[in-house]
Structure formats: C-alpha cells, structure tokens
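The structure under discussion appears below in the form of structure tokens.
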C-alpha cells in the first residue's frame, strides 16, 4: 500500500541500534503501520530514505533481506548532518522511511554461478543482502567469495557475522585492511591487489563490487585483467539525491538516474553512460 | 467570425475571478514585471512582452512545505500539505504554458509529485497570445509559437477594443460565465516574427559535442550563479531540508540549481561534477539531450529569459548554433 | 570612448611574447550592443577584444580560477582595487598577473550603447577614474573629478527613519530569489564554503522567503564591510533589481568614517577588521 504522495515517509520505529564500527551503526527499523509493513517488499540492492525528523533525510542501501520478514536494516556511517542526527537516536525513536527505490541485483540470473562480493568500507553494506540470500538458498548458487576491506580492522563492517560466513559451504571470506594494528594477524593489502592475488576466475562467475570510487576504479582494472567481461562486473553507484524518483534531477549520470535506473549497474552499462561517474 | 470579449468585460470578469479564487497576473514591481496575486484588477499589466520571472512559481513554488510533523504526547503525526484554493493565472504567454507542460513530464510521471499535481489540477490558465516579441524570444524554434493555444485553457488575442477568445478546455469553459463572449468579425493579428534557432537534430549534436573542450571554454565566462535556472520556466531541480520550531517540524523543498557548486557533492566529499565545464554542460545537456531522450521533447521553450538575465551573456541560442556547427574531433 | 585597439595591441604583445597564456578582456555580446567577458588564449582571437563604456564586468573574479597561471587582465579603476584586495588577502600573486589598466569615465547602464552616455548610478559618484594598480595604462590619467559628496545615496537613506529604512529593505529583500549571483560575481566572495551553504551549523535555511533572504543579504553585506571595492557588479547582476550597492556603500562609508580606510586602495594596508591595535577601545568603557 503506497501513500498518494511518494515524498511522504512511512512513520517507523528504531527497534535496535548496533555499533558496527566506531562510526557505523546498524539501524533496525520497523514500519509502524501494520498494513504498510505487510506490503513493504524489497530486493537486494534497493535503497530507502531514512528521515531524522527536524534535520532531513538521506538515502541508504538496505542491508537486510525481505524474506526474513524482520523489518528494514540500514548501516549508516556518520558523515554529515543527517547521519549525525540519526546516530544520536535511541531505540524507540520515531524516524521516517521512504522507499524502497531503485533497481536491484538480479540474483535469479546469478543462480548456478560463482559469486564474488568485493566491498570496501561502508560500501560493503548494500552487498550484505546478496550474501544473506546466497547463504539462505545455498544450493542455488556456486562458490561464494567475499572480500571485505576497510581502512583498519575496527572499520570492517558486519564482524559478528564473519564466522558464520566463513563456515558456510562453498564460501570463502577474505578480510583485508589498509593498515593493521597489534591484534591484527590478517591481510594488510588494498582490495584491488587482493582481487589480483586470489586469481578469481571469470568462468561462470559474476563479480559485484561497491566502495569508494577510487577502489572501484582499481578493482575494475584488476577484474578486467583476470578476464572478466564488463557484463560480469556489477556495481552499485551512489549519487546525491533528494527524492529517489528521478524528479529532483541531482543524481543523473548523463541521461540515467542513479535513483531509478540504478543504483545497480553493470560495467557494460556504465561504459555506455554519456557522462563519466 | 471569432468569439470576442471587450476590454471592459474582461476587467469585470477578472474582478469576479478574483473574488472566488486566487487570481495571478502580471504586475509592475519597481522596474520588474512579475506574476503576483491580484487584489485589484487595476494592478494588472496588459501591455508587456513577458515577465521578468517565469510563472513556474505558481505551480512549483520557490519554497514550499511538503508536510508537517507534529509530536504530541509521544505520538508522531505526519500532516501532508494541501492546496486548498483554486487559482487562475491570467496573462501567461504560450511559451510559458508550454514550459509548464514540459514540467508535467518529470513531475507527473508516476509516482507523481503530489503537490505539483495539486497545483496543476487547481490552476486554470488564461493565456495571452504575443503581439510583439522580445529580441531574445525564439519559441517558434522550440515547438511552440507566439499564438500557440496548445497548453492553456483559454487563449486571448488582443485586437481593437478587446480580445479574441479561444476557449480550449473544459476547465476554461468552467471559468466563463454564460453569455460573456460575443461574436465579432475580427481576425487575429499576425504573429510577431521571431529569431530562428537551429534546434533540429540538436540532441544528436549535443551527444557528439559532449566531450568537447567547448564546454570548458564556455565555462571560463560562466560565474555559476543560479539565475538561469531560477528564471527558467522548465528548470525543476530541488533541494529538501527540514525546519524545526517549537511546535512542529516542516519538510521544505526549495529550488536548487545544477550550477551551484556542491550540487552533486555527496557526504564524504566525492563530487562527480566538480569542474565548471561539466556543470555548465549539465544544464544544456539536460535541456537539449537528456530531456528529449527521456520524454521526447526539448526541455527549453525559447522564452529568452536566461538570455536576458545572464550577467555574462551565456546565450543558449548561440550555444545551439555553435554546437550544430562544432566540428567534433573524430576519435582516432 | 573606445580603447579596443590599444587593448588588442597590448594583448598581442603579452601573448606572443609568452608573458601570459591568457588575456581576460571583453568582447561584444550577442545583442550587438553590450559587452561580455572574453578569455583569449590564441593570437587569432585577439581581434575579438573590445573596450568601451559598455565593458561593465569586473573581471578580477576570474583571477581566482587561474591561481598560479600567468594571466593578463583588463581592469577599470574599481576593478583594480579588487586586485589589491585579493593580493592583500593572499588570493592573487602579483607576479602572475599582467594588469592592463584603463582610464574610465564610467560605464553605461545595461542595455545602452557606448555612445548613450547614461552612466550607472555608482559611476556618477565615483572618484577614481585612473586605476590604482596597473602594469600598462590605457588612456590619459584623469585629473580626479571633484565630487562634492561621495555618498549622496547613503545619506539619502540615513535621513529616513529606522522604520522607513526597515520597510524599504524588507520589500527589497522579499524579492530576492537566492540565486547568489551577487556572491558569484563578487571578487570579495571567495570562501570555499559560503556560510549560506553551511549545513552544520545551518546559519540560513534553504527557504527562499523574506526571513532567510534578509539574513542572507545582510550577512553578506557585513562580510564585505571594509572589503567592498564599489564596482557595483552585485547590483548590476541582480535579476530582481535589489539595490545592493546601497547596502555595501553604507558599510563602506561607516568603515571610512571609523577607520579612515577604503578597500583596495593599496595592497599593503590590511582591512581594519583583520587587525587589532591595543589602543582601539571599541567603545567599551574601561
């Protein structure tokens, strides 16, 4: 059940707030109206706007999966005025949720394929629903390789789930950081070099990457070197946006809008965009 | 024979309209000509080329509240804004009416923008055909024309002692009392001759010119103010922010311009359109390339306001001409 | 008055000798009457350069986009004061700029041609007809005009009651559409992040409405107190004809009376609000 006015958020309640890193929190949100909540469906890759009433709203990729029927999770890094205000909320607070918006990862098309998830920093957050879905329907998919990178060990998001992921069948978890600390015994390397080192095979595979523009740029170079075709490389873009509907005219890249033509694009699609992102 | 209304009857009728709804019409404010809400019909200016600012303010206000949030006793309530009163805009030029029709594409595309739709539904347009034109006008090159009846509810064309009236829609019919119009043996004056701008095939040429240094050179001169966007009837970018006072919170949207620095800068600092040239190119690409691809029509209606108002003479007519003639370097 | 030939000659010399790689001057606008800024990089564009009394733009703002690059620029006397301001505030390197100064009898109002003689209002009150700073001077240095009253517009406003002044400005600001053309054209407005765009703290809301407009316009005026060089560009570009020069000139007059200081007369004297002398008492009783 959609409201008449797509700029009106659904009143929602912050159920739980979990610290993921020093500046990233996971927000578990539940829509207040039971009818709307029942009909609120979304797919991996889609995003919602979350309002801190009195400050404003910003778009965030959804990190939960709809089939768990447990509301909407978003991982929010504190970087601006809206995210600052959201970070100061306590469980029980009323927020606004608008969406879901955008296209999604076509997971049905990935069935039977090997999937490589390559995420950097908070850019890993919108990739988590792919992992959850693959692990929930494990037999439908091939191998799963997860590369999660961050500036430092404490900046790696979703640490409580690492053990579950690593222990899953046909699944490999590779963690890497730009700079370690005294407790870190893992990898210290930039994500693109991990991609290169793992020699990911493009055979029957799909690589999905998200992170800072510079990381995506060099990851792309490595994937191409490994023989990945542009239609095997998928990313999700970020753009400044105010509506999610293609109306505020901010997030366009050439004649495509990140909010409604994206945020999920294949490199093949990106290379055909008029404007460079 | 044409349907006719005398100047005197027109004034009486406008006076009646003013009683029952908002009447908006061109008025003189200092040296400017602005669409204003009319309190007395004597304030209406009939003899003008076009207004300084476009009438888009009355469909898509420079600032408006989208909804209110009220918090009482731990309960939060959302109260959407509602447009209560009907409005009639008198004196809108055919080019500007076309501009509103262009804004319908993005705003009314489903899921439609609710407030815009309310404004549009509750507003009737009484157009005035152009008898003269500004030197900067070029509507006839952009899919409209000085006598274009396509996007108004009633079109009036000035003749001796009154106006030829074309009632074009049911909304227009509903505005007119019975027997107000008479018939008269008058014919429409010739439309003014406008400068020609070579807009045919411009979208394709814009695509070819996209990566040319032309845009950076043009941006040398651009000061990146928001004038062109704000005087333009078809620029529709917006910003959204919350306002808080003691009682309640309001979510407000205001016009924004793709020319302002930081328009595309995301939290964290990345800005995909950080150069002056890329920002300037965005404005013209949106109107002449993206909009046609998205909606099948040019996003500029040739009112000439940006040409008149630009402090550094960034002239869209010249740009269209230059882009048409640009020799694009073939990719070696 | 027409100095086009002299400007072209100097531009040719500077470009061909490699002294600069760009000359910022004026060319005829598309209306065939007015002028617009022109950036000349190639000798074959030199003939497009003009200079006459339609050349109203203060081009010095463009120097901020060419930091560190050897540039020649055509300046009128008021514009030349902006270069001093920008040198003083470390925004322009003197040795990177070749200044072609032009003796100026004033520029004409928008839309009028060179021969109309109808000057912009601030030009009629101007006392500076020879640039204060230049490498090359075009025109004969003028004997400075004897203008008996420098601020007739400001004193005219001062004679009104506080209520009348408030009503006047409220009406003016109510028209503002927050296009920021005044800021974008102003050589004194170069903050990387303008207060009006600060989100945290948010000084001014995004609403285009009387209250916000008033905060915007008055705060901008105060930021320019003692820094405005009176080129009238803000007022010229304002699409809704707000008399911004009147506001800036009021503050200019105050600074002149309090500190005996005018912005941009030289590059060395810092503007009063960036310095503090021990003997300044700021009117606070001891």
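The values are calculated or read from the model by the stated rules, or taken from the named source; none is laboratory data. No experiment lies behind these values; they were computed from the predicted model shown. We place every Cβ from the backbone using ideal geometry, glycine too, and count neighbours over all the protein chains shown.
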Quiz item: Has region A:52-66 got any residue that is at the interface with chain B (Cβ under 10 Å from one of its Cβ atoms), surrounded by fewer than 18 Cβ atoms within 10 Å (Cβ to Cβ) and in contact with a helix residue (DSSP H, G or I) (Cβ under 7 Å, 6 or more places away or on another chain)?
Solution: no
Exercise. Answer yes or no: is there a residue in region C:217-233 that is surrounded by fewer than 23 Cβ atoms within 10 Å (Cβ to Cβ) and within 11 Å of chain B (Cβ to nearest Cβ).
Key: no
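Quick grid of which residues meet (1) in contact with a strand residue (DSSP E or B) (Cβ under 8 Å, 6 or more places away or on another chain); (2) under 16 Å from residue A:234 (Cβ atoms):
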position	(1), (2)
A:175	yes, no
A:180	yes, no
A:196	no, no
A:207	yes, yes
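Is it true that some residue in region B:263-278 is over 17 Å from the mean Cα position of the chain (by Cα), farther than 29 Å from residue A:123 by Cβ and more than 11 Å from chain A (Cβ to nearest Cβ)?
Within region B:263-278, none of the residues are over 17 Å from the mean Cα position of the chain (by Cα), farther than 29 Å from residue A:123 by Cβ and more than 11 Å from chain A (Cβ to nearest Cβ).
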Exercise. Quickly run through region C:127-149 and pick out the residues that are out of contact with any helix residue (DSSP H, G or I) (no Cβ under 7 Å at 6 or more places or on another chain) and touching a residue at least 60 places away in the same chain (Cβ under 8 Å).
Key: C:139
Self-check item: Test result for residue C:204, within 9 Å of another protein chain (Cβ to nearest Cβ) and either surrounded by 18 or more Cβ atoms within 10 Å (Cβ to Cβ) or more than 19 Å from residue C:58 (Cβ to Cβ) (or both)
Solution: no
Quiz item: Restricting to strands (runs of 3 or more DSSP E) lying wholly in region C:53-169: which have 2 or more residues that are within 14 Å of chain B (Cβ to nearest Cβ)?
Solution: C:71-75
Practice problem: Counting only residues that are in contact (Cβ under 8 Å) with a residue 60 or more places away in the chain, more than 12 Å from every other protein chain (Cβ to nearest Cβ) and surrounded by fewer than 17 Cβ atoms within 10 Å (Cβ to Cβ), give me the strands (runs of 3 or more DSSP E) lying completely in region B:28-86 with at least 1 of them. | Solution: none
Quiz prompt | Candidates A:233, A:270, filtered to the one that is buried (at least 24 other Cβ atoms within 10 Å of the Cβ), in contact with a strand residue (DSSP E or B) (Cβ under 9 Å, 6 or more places away or on another chain) and either at pLDDT 95 or above or more than 10 Å from chain B (Cβ to nearest Cβ) (or both) | solution = A:233
Self-check item: Number of positions in region B:226-262 that are more than 10 Å from chain C (Cβ to nearest Cβ), under 25 Å from residue C:236 (Cβ atoms) and modelled with pLDDT under 95
Solution: 1
Practice problem: Please determine, by comparing only the residues of region C:183-201 that are within 11 Å of the chain's Cα centre (by Cα) and in a loop (DSSP other than H, G, I, E, B), which one is farthest from the other protein chains (Cβ to nearest Cβ). | Solution: C:188
Quiz prompt | Residue, nearest to residue C:202 (Cα to Cα), within region A:36-51, restricted to residues that are within 14 Å of chain B (Cβ to nearest Cβ) and assigned to a strand (DSSP E or B) | solution = A:51
Practice problem: Scan region A:13-35 for residues that are over 21 Å from the mean Cα position of the chain (by Cα) and assigned to a strand (DSSP E or B) and report the count. | Solution: 1
Practice problem: Output the residues belonging to region A:220-277 that are at positive phi, free of Cβ contacts under 8 Å to residues at least 40 places away in the same chain and not assigned by TED's automatic domain parsing to the domain that holds residue A:122. | Solution: A:246, A:249, A:254
Self-check item: From the options B:223, B:202, residue that is at pLDDT 95 or above, over 30 Å from residue B:5 (Cβ atoms) and within 14 Å of chain C (Cβ to nearest Cβ)
Solution: B:223
Self-check item: Odd one out for residue B:10 among (1) within 28 Å of residue B:254 (Cβ to Cβ); (2) surrounded by 15 or more Cβ atoms within 10 Å (Cβ to Cβ)
Solution: (1)
Quiz item: residue A:206 fails exactly one of the following numbered conditions: (1) more than 17 Å from the chain's Cα centre (by Cα); (2) away from chain B (no Cβ under 14 Å); (3) farther than 20 Å from residue A:75 by Cβ. What is the number of that condition?
Solution: (1)
Quiz prompt | Condition check for residue B:217: surrounded by fewer than 20 Cβ atoms within 10 Å (Cβ to Cβ), away from chain C (no Cβ under 13 Å) and in contact with a strand residue (DSSP E or B) (Cβ under 9 Å, 6 or more places away or on another chain) | solution = no
Quiz item: How many residues are part of a loop (DSSP other than H, G, I, E, B) and touching a strand residue (DSSP E or B) at 6+ places or on another chain (Cβ under 9 Å) when one looks only at region B:131-171?
Solution: 10
Quiz prompt | Segments classed as helices (runs of 4 or more DSSP H), wholly inside region B:261-328, with at least 3 members that are touching a residue at least 40 places away in the same chain (Cβ under 8 Å) and farther than 17 Å from residue A:274 by Cβ | solution = B:305-309, B:316-325
Self-check item: Hits in region A:52-69 - residues which are assigned to a loop (DSSP other than H, G, I, E, B) and under 16 Å from residue A:28 (Cβ atoms)
Solution: A:63, A:64, A:65, A:69
Exercise. Specify the residue that is surrounded by the most Cβ atoms within 10 Å (Cβ to Cβ); the eligible residues are those in region B:295-317 that are within 11 Å of another protein chain (Cβ to nearest Cβ), under 26 Å from residue A:257 (Cβ atoms) and out of contact with any strand residue (DSSP E or B) (no Cβ under 9 Å at 6 or more places or on another chain).
Key: B:299
Quiz item: What number of residues in region C:86-103 are touching a residue at least 40 places away in the same chain (Cβ under 8 Å) and either crowded, with 22+ Cβ neighbours inside 10 Å or not assigned by TED's automatic domain parsing to the domain that holds residue C:73 (or both)?
Solution: 3
Exercise. Could you list all residues from region A:15-33 that are within 13 Å of chain B (Cβ to nearest Cβ) and surrounded by fewer than 19 Cβ atoms within 10 Å (Cβ to Cβ)?
Key: A:23, A:32, A:33
